[in-house]
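Derivation of every value follows stated rules applied to the coordinates shown; laboratory data play no part. Just so it is clear, the structure is predicted and the values come from calculations on it, not from any experiment. So basically every Cβ, Gly included, is an ideal-geometry build from the backbone, and we count neighbours across all protein chains shown.
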């Protein structure tokens, strides 16, 4: 997830770092690099033709400052009014003030993405119009593989007066939640119609139908079977991460159900935030957790730095596909002493979940430790003769020699 400043995609060194990845979401915006997007995308793909590249969009909010990259959106949002303010395209509270779900953290105003607004002269509401605008400004004519949409939330996170009835609409109301989800779905439907050749990925804060995560959700239908891919943002590593407050099993349940509720290739990016980029035990744990199912692993700090660990490519001696095809299906139960294991054609992966304590398990012969430099005491290159010990909240990738 490489959407953060300085958006240095025209830099050849940074392009080479990106090209080492299997998938990357970029943050090009209207006017970036003089509006020349294709050259940078093509340059990255020339280095790695198999990489999947997507670009960031967001339809739930627009920066509070007008002009610049969002000038067209500001103009449209401000111009579209309903009678007596009922049906306006900005979201307002009952007092008529702009609302901001992040309380100023991101410097944006909420858009009225519901289908309660008044259509424009083309019959579009905000979700349809902004999808078409996103396409013309940053998607069209560029060799993207993915259209990425942020803020796929199962409910709104504040309480505007969406229908301008004079009272704020509670985010805890199922009626309000359905207004919100119907608007999001309208954007996705327009994305599909506008760019049918692109995969649609979302940043999901749910399992896309509320059946398992979050546990407070009433099941819903608007998002299931709609997106091809989903991003679990900071699934671990932050104080508010699911793995932190809800445990490893809840994170994995979310991961598995989210994947099941996708369509097409069903790609999930399980993202781990790294407070320390040299915490190699945590890196092994997060990567190994992801490998218990079939998703991509995302390691993030500021959403600009490309983190790299020895396990990704055998310390620079192989490709990121060195493990080969999975022999075992995705793992939903422990293999031994609470430790999970999944075997691959060229190696095996172990993960010891948070709260399981230190465990020594019998692996058997036929594996070697990775020969690495970042954690040489663990990745020593030595043959594994029988057992390995994993600390609590640890993982291990072993290779067949």
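Please compute the length gained on full extension between residue 36 and residue 79, using 0.36 nm multiplied by the number of residues separating them and subtracting their Cα-Cα distance.
Contour length minus Cα-Cα distance gives 12.6 nm.
Explain nothing, just the number: relative contact order of the stretch 12-311, from Cα pairs under 8 Å at least 6 residues apart, as a whole percent.
Values: 535 pairs, mean separation 40.0, N = 300.
Averaging sequence separation for qualifying contacts and normalising by length gives 13 percent for the stretch 12-311.
Return the calculated 222 nm mean residue ellipticity for the chain, to the nearest 500 deg cm²/dmol, obtained by summing -39500 (n - 2.57) across DSSP H runs with n ≥ 4 and dividing by the residue count.
Working: 9 runs with 89 residues, N = 401.
Taking each H run of at least 4 residues, the total per residue is -6500 deg cm²/dmol.
Pick from 139, 25, 363: which residue has the top mean-square fluctuation in a GNM of the chain where Cα pairs under 10 Å get a spring?
Taking springs between Cα atoms under 10 Å, the residue moving most is 363.
Can you tell me the 0 to 90 degree angle between the C-alpha axis of helix 280-290 and the longest principal axis of the chain, rounded to 10?
Its long axis makes an angle of about 70 degrees.
Shape of the stretch 12-311 from its Cα gyration tensor (a ≥ b ≥ c, root eigenvalues): rounded if a/c is under 1.5, otherwise prolate when a/b > b/c, or oblate? Write out the running numbers ahead of the final one.
On the way: a/c = 1.85, a/b = 1.31, b/c = 1.41.
It is oblate, given that a/c is not under 1.5 and a/b is not larger than b/c.
Taking a ≥ b ≥ c as the square roots of the Cα gyration tensor eigenvalues, with a/c under 1.5 meaning rounded and otherwise prolate when a/b beats b/c, else oblate, which class fits the stretch 189-251? Don't jump to the answer; show the numbers that get you there.
Details: a/c = 3.56, a/b = 1.77, b/c = 2.01.
It is oblate, given that a/c is not under 1.5 and a/b is not larger than b/c.
Out of all DSSP beta bridges with both ends in the chain, state the antiparallel percent to the nearest 5. Intermediate values should be presented prior to the final figure.
Numbers: 27 of 54 bridges.
Here the antiparallel bridges make up roughly 50 percent for the chain.
Just to be sure I understand the model, the point goes 7 Å from the Cα along the line to the Cβ. What's the resulting residue 389 to residue 371 distance in nm?
That separation, rounded to one decimal, is 2.6 nm.
Return the distance in nm (one decimal) between the two label points of a simple spin-label model at residue 400 and residue 93, each offset 7 Å from Cα along Cα→Cβ.
6.2 nm
Label the stretch 214-303 by shape, choosing from rounded, prolate and oblate, from the square roots a ≥ b ≥ c of the eigenvalues of the Cα gyration tensor; if a/c is under 1.5 it is rounded, and otherwise prolate applies when a/b is larger than b/c, oblate when it is not.
Values: a/c = 2.09, a/b = 1.58, b/c = 1.32.
The shape class here is prolate.
Helix 174-194: angle to the longest alpha-carbon principal axis of the chain, degrees 0 to 90, nearest 10?
Long axis of 174-194 versus the principal axis of the chain: about 80 degrees.
Taking the Cα centroid of the stretch 96-114 and of the stretch 134-169, what is the distance between the two, rounded to the nearest whole Å?
What the calculation gives is 12 Å, centre to centre.
Share of antiparallel DSSP beta bridges in the stretch 100-254, in percent to the nearest 5?
Values: 0 of 8 bridges.
Of the beta bridges lying entirely in the stretch 100-254, close to 0 percent run antiparallel.
Normalising by the residue count of the stretch 27-116, find the relative contact order in percent from Cα pairs under 8 Å and 6+ residues apart. Before the final figure, lay out the partial values.
Numbers: 80 pairs, mean separation 24.3, N = 90.
Relative contact order comes out at 27 percent.
Rounded to the nearest 10 degrees, what's the angle between the helix 248-260 long axis and the longest principal axis of the chain, both from Cα atoms, 0 to 90?
On a 0 to 90 degree scale, this one is about 60.
Connecting C-alpha atoms closer than 10 Å in a GNM of the chain, tell me which of 384, 130, 242 has the biggest fluctuation.
The residue that fluctuates most here is 384.
Going by average Cβ neighbours within 10 Å, how do the peptides 320-329, 51-60 rank, with the highest at the top?
On the way: 320-329: 13.4, 51-60: 21.7.
Ranked by mean Cβ neighbours within 10 Å, highest first: 51-60, 320-329.
Let me have the relative contact order for the stretch 332-401, percent, based on Cα pairs under 8 Å that are six or more residues apart. If you can, show how the numbers build up before the last one.
Working: 145 pairs, mean separation 25.6, N = 70.
Reported relative contact order: 37 percent.
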